[in-house]
Amino acid sequence: MLLSGDIGLFISFLGIPFLTFSLVDLTKAKKNNKPMKAAATTLIISLIATSVGFAMIEPEENDVAEKETPAAIEKVEEKTEEIKTKPEKPKEPEKPKKEQFEKVRDLKVHYIDVGQGDSILVQLPNGETALIDGGPESSSQTVLNYLKEQNVEKIDYLVATHPHEDHIGGLPIVIQNFEIGNIYMPDKTHTTKTFENLMSAIQNKGIKFKTPIAGDMLLDKEGLNLTVLAPETNINDDNLNNYSIVLKLNYKDNSFLFTGDAETEAEQNMLNGNYDLKSDILKVGHHGSYSSTTNKFLEKVNPEYAIISCGAENKYGYPHQAIIDKLEAKGIQIYRTDKDGTIIIAVDNEEIKIDFKKTAKPKKENAPPKEEKQSSYKNSQPNQSVNSNGESNKNSSNSGNTSSNGAVSKPKPPATDGVEEVYITNTGSKYHRGNCRHLKKSKIPISLKKAKSQGFTPCKVCGPPQ
Ligand SMILES: [Zn+2]
Ligand SMILES: [Zn+2]
């Protein structure tokens, strides 16, 4: 095929000069009136030769062109495939790799001193903000002011760990005053006014809250994630504390565990769930109550620092000495909002820095609502079975018992800081010693001084201090 094309080319190249010469000859012959027969013959022959030559080339060229076209397309396709596959090929093994985040600041976790309760502000390194609980209503102004001081404008993740007053009381005012991204609550309602206030604040803001469960991720970026470790879906517990949303924050090699008021049962669920519980900083569950922080759980978390959020001289005796002893025995550094004020932990290039901010007049701020609550026990005796935050009955009724996994064999009596503590009931007018048989149905701790000032008289059966 190529050969005939070459011959055609050769013939037509030969023909062209002959054609030219014969044309010149013909013109000359015509000019000089010479016979034109020879010149005309040469012209015709060279014309035929040239056209035959071209004829031989043309189809060859078409042939080649037709054959080369699909091949060329294939090549182009190959190239485009290469372009497509080249950037994908190295990506394939990286598929599980998560989206990067842009670091705009250091991570800062503020355990705000809200008296008896929890409120934790998390300023994430990607510029987002999380607020885990809002403290009791009596501290709502403290929380509001603190967030404003930190130049918080939007709360991207607002978490109400569980519906107890010491965790959600301060949230309505926060919801009213800041832009809110998502609100997270456990799938558990409560019948208190505090809970109603929270629900209407959420409704007025036009936000629908989410009910995350263990395994969910609120934030999932490369080197920065916020994972839900509790609650499980199948909880059937009268104790609201065990519905607590427990969160783990991972930032590079640093980790924080926020446990809300999760107690033994919730801790056991987390252990059963085989989550990576290891955390550098543990917010000790339930204000340091012995109903949380079981040995197995503490072993898995294995923290370097323990933060206890509780009120000074709180009526529950938090943190319980047994928990302090347990943490100290493991060499864990303890910080307490009742003693240290607001605790701020900053992670700056892998380095953990701890700072404190003493709250001005913490006692004055917390004292009046405490008095109100105390007196409400007596005033609402006929129909109230739990106090306003629903905690005292559960905890006080456990006094002196072993925790369910036997982690705490004999919890020491609650620390009273020199204040003698006695117990009252929901319905009676007497105050009692902790072991009195009249405390079977309800057992509310109260200082001796307050019990007397509220008109309670000593029980004749147990003979409490007078
Ligand atoms: Zn609590
Ligand atoms: Zn609680």
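The values are calculated or read from the model by the stated rules, or taken from the named source; none is laboratory data. Since we're looking at a predicted model, the values are computed, not measured. All Cβ positions, even for glycine, are placed from backbone atoms using ideal geometry, and neighbour counts span all protein chains on display. Areas reflect the complete protein model, heavy atoms only, side chains present, ligands, DNA and RNA absent. Shrake-Rupley method; radii C 1.70, N 1.55, O 1.52, S 1.80 Å.
For segment 190-222, a residue qualifies if it is open to solvent by less than 30 Å² (accessible area, probe 1.4 Å) and in a loop (DSSP other than H, G, I, E, B), and the qualifying residues are THR192, PRO212, ALA214. Taken over segment 111-127, the criterion of being touching a Gly at 6+ places or on another chain (Cβ under 8 Å) and not β-branched (Val, Ile, Thr) is satisfied by ASP113, GLY115, GLN116, GLY117, ASP118, SER119.
For the residues LYS148, LYS108, LYS103, the requirement of being open to solvent by 10 Å² or more (accessible area, probe 1.4 Å), farther than 19 Å from ILE307 by Cβ, more than 16 Å from ligand 2 (Cβ to nearest atom) and out of contact with any helix residue (DSSP H, G or I) (no Cβ under 9 Å at 6 or more places or on another chain) singles out LYS103. Return yes or no: is SER244 without any contact (Cβ under 8 Å) to a residue 40 or more places away in the chain, open to solvent by less than 30 Å² (accessible area, probe 1.4 Å) and either under 15 Å from the mean Cα position of the chain (by Cα) or within 14 Å of ligand 1 (Cβ to nearest atom) (or both)? No: the conditions fail for SER244.
For segment 302-341, the set of residues classified as under 22 Å from LYS353 (Cα atoms), surrounded by fewer than 24 Cβ atoms within 10 Å (Cβ to Cβ) and hydrophobic (A, V, I, L, M, F, W, C) consists of LEU327, ILE332, ILE334, listed by residue number.
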